[in-house]
Amino acid sequence: MRSIVLSLAIVGLGSLGLASLSEPARAVDRPVPYWASIRAKAMNARKGPAKEYPIAWLYQRQQLPLKVIRVKESWRMIQDQDGATSWVLAQFLSPDRTAVVTGTGLAEMRTAAGGEGNVMWRVEPGVVGKLGDCGGGWCRLDTGAGHVGYLPQDRLWGVANP
């Protein structure tokens, strides 16, 4: 009886270990479409779902938000903010939600949502940050180095329901 309980405990611990190792893979293996971001510093995007396909794009922007629109084994068809589609290996994607500032001219990052907070920074289109909560047409964005504030949702790509 004692050996059975010990065996179950070892099997249980082994299962937990395996579950934690596969967490990044599961995090980007969900119903499409969904949002993801670039995990790697550089990522090849191909014309098809295999390494034999030619490289269409080289993304060199860590945390850039992407929309995953199709899944084929370990490959993900992604769409970027310009509407371009290509295939990438899932291992290069993160489930972390990010957003990129869009539009023309500087966007005002405020201390509070709703346009009532003080302007803390003015950010250029193309700035990427970790996406926080959104509501009432405003989203919290952390662009790093202590630059956290609220931007109008319509100035961010990677926010709307995919």
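The values are calculated or read from the model by the stated rules, or taken from the named source; none is laboratory data. All of these numbers come straight from a predicted model, not from anything done at the bench. Every residue, glycine among them, receives a Cβ derived from its backbone with ideal geometry; neighbour counts consider all protein chains shown.
This table checks each residue for (1) surrounded by 17 or more Cβ atoms within 10 Å (Cβ to Cβ); (2) farther than 19 Å from residue 78 by Cβ.
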| residue | (1), (2) |
| --- | --- |
| 96 | no, no |
| 100 | yes, no |
| 149 | yes, yes |
| 158 | yes, no |
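For region 59-74, the tally of residues that are in a strand (DSSP E or B) and within 12 Å of residue 44 (Cα to Cα) stands at 1. In region 102-147, of all residues being among the small types (Gly, Ala, Ser) and touching a Cys at 6+ places or on another chain (Cβ under 9 Å), the one that is farthest from residue 158 (Cα to Cα) corresponds to 113. Scanning region 33-60 for residues that are among the basic types (Lys, Arg) and either under 12 Å from the mean Cα position of the chain (by Cα) or at pLDDT below 95 (or both) yields a single hit, 39. Go through region 68-107 and give me each residue that's over 19 Å from residue 56 (Cβ atoms) and in contact (Cβ under 8 Å) with a residue 24 or more places away in the chain. Matches in region 68-107: 94, 95, 96, 97, 98, 99, 100, 101, 102, 103, 107.
Residues in region 117-144 that are in a loop (DSSP other than H, G, I, E, B) and over 19 Å from the mean Cα position of the chain (by Cα): 117, 118, 124, 136, 137.
Consider region 29-58. How many of its residues are part of a strand (DSSP E or B) and free of Cβ contacts under 8 Å to residues at least 12 places away in the same chain? Counting residues in region 29-58 that are part of a strand (DSSP E or B) and free of Cβ contacts under 8 Å to residues at least 12 places away in the same chain gives 1.
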